[in-house]
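One structure below.
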Amino acid sequence: MREHTRLELERKLRVHAESPEQLAQALDALQAKGFINEARVVESVLHRRAARLGASRVRQELQAKGLPAEAIAQAVQE
């Protein structure tokens, strides 16, 4: 299993939700309980990819996951 961002989960679950509001409520609940955590996603990507890929490829992967620019910039610096 791997960590997912809110955007990734939204894309995956959109077809199963009865309404956009229901999906947003479910994602809010997951985030409130700590199941969706941007910092863990960044750490996971860095741990899995940084040794094999360059900084630009890691940046691209983080952007595709819908992470904020500040989190991506900090991750690439590290």
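If I stretch the segment between residue 53 and residue 40 completely, what's the gain in nm (0.36 nm per residue apart, minus their alpha carbon distance), one decimal?
Working: separation 13, 0.36 × 13 = 4.68 nm, distance 1.88 nm.
The residue 53-residue 40 span can extend by a further 2.8 nm.
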### Task
At 7 Å along the Cα-to-beta-carbon direction for both residue 13 and residue 26, put a label point, then send me their distance in nm to one decimal.
0.5
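Taking the Cβ of residue 4 as the center, what net charge do the other residues with Cβ under 9 Å away carry, scoring Lys and Arg +1 and Asp and Glu -1? Numbers along the way, then the final one.
On the way: positive: 2, 6, 12, 65; negative: 3, 8.
Result for the neighbourhood of residue 4: +2.
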### Message
Using Cα springs under 10 Å in a Gaussian network model of the chain, which residue among 29, 51, 39 shows the largest mean-square fluctuation?
### Response
51
### Task
Rank-order 53-66, 9-22 by packing density, defined as the average count of other C-beta atoms within 10 Å over each peptide's residues, highest first.
53-66, 9-22
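Output the direction-averaged projected area (hull surface divided by four) of the convex hull of the alpha-carbon atoms of the chain, in nm². The partial results should precede the final answer.
On the way: hull surface 22.1 nm².
Value for the chain: 5.5 nm².
Write down the accessible area per residue of the chain in Å², having rolled a 1.4 Å probe over the full set of protein chains. All intermediate terms of the calculation are to be shown ahead of the outcome.
On the way: 5560 Å² over 78 residues.
Counting only protein heavy atoms, the per-residue value for the chain is 71 Å².
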### Message
Could you work out the relative contact order of the chain? I mean the mean sequence separation of Cα pairs under 8 Å and 6+ apart, divided by the number of residues, in percent.
### Response
36
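Once you list every other residue whose beta carbon is under 15 Å from the beta carbon of residue 20, what net charge do they have if Lys and Arg are +1 and Asp and Glu are -1?
So the surrounding residues net to 0.
The values are calculated or read from the model by the stated rules, or taken from the named source; none is laboratory data. None of these values were measured; they are calculated from a predicted model. Please note: Cβ atoms are built from the backbone with ideal geometry, for glycine as well, and neighbour counts cover all protein chains shown. These accessible areas exclude ligands, DNA and RNA; they are computed on the full protein's heavy atoms, side chains included. Shrake-Rupley method; radii C 1.70, N 1.55, O 1.52, S 1.80 Å.
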